[in-house]
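Data block below; observations after.
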Amino acid sequence: MLRRVLLAAAASQRVRKLITIAPLTRDVVTRFVAGETAAGALAVAQRLLADGLSVSIDYLGEDTVDPEQAAGVASEYVALLDLLSAAGLTAGGRAEVSVKPTAVGLGLPEHGEKTAAENIVRICRAAKAAGTTVTVDMEDHTRVEATLRLVGELRADFPDLGCVIQSYLRRSPGDCEALAVPGSRVRLCKGAYRAPDGFALAARSEVDRNFARCLRILLDGPGYPMLATHDPRLVAIAKSRAATIGREPSSFEYQMLYGIRTDEQAALAAEGAQVRVYVPYGSDWYAYFMRRLAERPANLMFFLRALASRR
Ligand code: FDA
């Protein structure tokens, strides 16, 4: 129930206004967001790489409303990749970028898919020049078909373009089967949006079971799985499956969000696993932040306590 309310608030302009103008919100937000500028993201990336982790950096923003804004987002990514490359962080793909399709135009009323594709191509070219990769995030269920189509088409020119599968969707095992092919980079996560019953599994236990099923399809296949979860049970299942089938630690990676279960991130890396941290930055942090609150009631309490202590 609380999750539904928070996810609804994530899409509400009125609540957005209320929360983002409160100056004290910012301190709490920095737990999950690496600052408002590319320089802030760079500093966090340098620190995480020095600790033996990899990063995927996301320039925050979604549901872009005009083509100029969408092109501006792509330009921000190109500049970010130049910055990361100049700092020597992109070699071997240790610092890559994650892009939301609606941030680069997918939701535009006219030519959305074409605009998003052109912008992602610009970002992929910059990533290639920097020696690294791009992963296309997955948004709500209404975007899944177009996003998979877009990534499928762009893979002809950029075979290492990554995509995301969400285990809360009923269709996902089939998508994993289709994507478990040589060279394909697939991030598996539970899914952070609201979706109607026809599309999504309602119970957390079902979502977890579907994750385990998808995880197995991806790990057993010839692609490069990117297992994005903080759930200790699912991490344990992944470890056990990888050991059973003799998958090399270098042939897949775990992914976690910046500021969440940092001890587990370090512990996995110390065991020799590859761990990538998803690092968001930018001033448009509202929807991302609300989704993090929705995932865990304790985060909401942390936020409310911070608000109360400032009064
Ligand atoms: P779950 O929510 O069950 O949490 C398991 C445990 O992890 C919790 O008990 C808690 O200890 C810890 N935890 C989880 N979330 C927390 C939080 N917010 N604060 C504090 N602790 C927390 N989604 C999507 O729809 N599209 C996408 O493209 C992506 N991309 C993505 C990339 C990466 C690298 C990650 C890790 C996640 C995503 N997600 C995503 C988000 C994902 O779908 C999901 O909402 C969150 O990862 C939470 O799910 P868990 O698998 O961690 O399990």
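The values are calculated or read from the model by the stated rules, or taken from the named source; none is laboratory data. As the structure is a computational prediction, the values presented were derived from the model and not from experiment. Quick reminder, even Gly has a Cβ in these numbers, built from the backbone with ideal geometry, and neighbours come from all protein chains shown. SASA here: full protein model, heavy atoms, side chains in, ligands and nucleic acids out. Shrake-Rupley method; radii C 1.70, N 1.55, O 1.52, S 1.80 Å.
So here's what we get for this one:
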quantity	calculated
Pairs, first touching a residue at least 60 places away in the same chain (Cβ under 8 Å) in segment 197-221, second part of a helix (DSSP H, G or I), C-beta under 6 Å, six or more apart	none
Residue list for segment 101-146, filter: more than 16 Å from the ligand (Cβ to nearest atom), farther than 23 Å from ARG276 by Cβ and in a loop (DSSP other than H, G, I, E, B)	GLY105, LEU108, PRO109, GLU110, HIS111
Cβ pairs under 8 Å, 6+ apart, first in segment 39-59 and open to solvent by 50 Å² or more (accessible area, probe 1.4 Å), second not aliphatic (A, V, I, L, M)	ALA43/GLY35; TYR59/GLU76; TYR59/TYR77; TYR59/PRO280; TYR59/TYR281; TYR59/GLY282
Every residue from segment 234-254 that is assigned to a helix (DSSP H, G or I) and closer than 21 Å to VAL207 by Cβ	LEU234, VAL235, ALA236, ILE237, ALA238, LYS239, SER240, ARG241
In segment 255-302, residue farthest from LEU53 (Cα to Cα) [restricted to those that are within 10 Å of the ligand (Cβ to nearest atom) and part of a loop (DSSP other than H, G, I, E, B)]	ARG296
Qualifying positions in segment 42-88 - under 19 Å from the mean Cα position of the chain (by Cα) and under 16 Å from MET256 (Cα atoms)	VAL44, ALA45, LEU48, LEU49, LEU53, SER54, VAL55, SER56, ILE57, ASP58
Near pairs, Cβ below 6 angstrom, 6+ apart or cross-chain, from segment 250-262 (under 17 Å from LEU218 (Cβ atoms)) to any residue that is open to solvent by 30 Å² or more (accessible area, probe 1.4 Å) and more than 10 Å from the ligand (Cβ to nearest atom)	GLU253/GLN274
Pick from segment 296-311, criterion of a type outside the set (A, V, I, L, M, F, W, C) and either surrounded by fewer than 18 Cβ atoms within 10 Å (Cβ to Cβ) or on the phi > 0 side of the Ramachandran plot (or both), ranking: modelled with the highest pLDDT	ARG296
Flag for CYS214 being buried (at least 22 other Cβ atoms within 10 Å of the Cβ) and under 18 Å from MET256 (Cα atoms)	yes
Residue within segment 275-289 that is out of contact with any Lys or Arg (no Cβ under 7 Å at 6 or more places or on another chain), surrounded by fewer than 21 Cβ atoms within 10 Å (Cβ to Cβ), modelled with pLDDT of 95 or more and more than 29 Å from ILE19 (Cβ to Cβ) present	no
Subset tally (residues that are touching a residue at least 24 places away in the same chain (Cβ under 8 Å), open to solvent by 50 Å² or more (accessible area, probe 1.4 Å) and more than 15 Å from ARG149 (Cα to Cα)) for segment 86-122	4
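For every residue, the table says whether it meets (1) at positive phi; (2) within 12 Å of the ligand (Cβ to nearest atom); (3) open to solvent by 10 Å² or more (accessible area, probe 1.4 Å).
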{"position": "SER167", "(1), (2), (3)": "no, yes, no"}
{"position": "GLU177", "(1), (2), (3)": "no, no, yes"}
{"position": "ARG204", "(1), (2), (3)": "no, yes, yes"}
{"position": "PRO222", "(1), (2), (3)": "no, no, yes"}
{"position": "ARG233", "(1), (2), (3)": "no, yes, yes"}
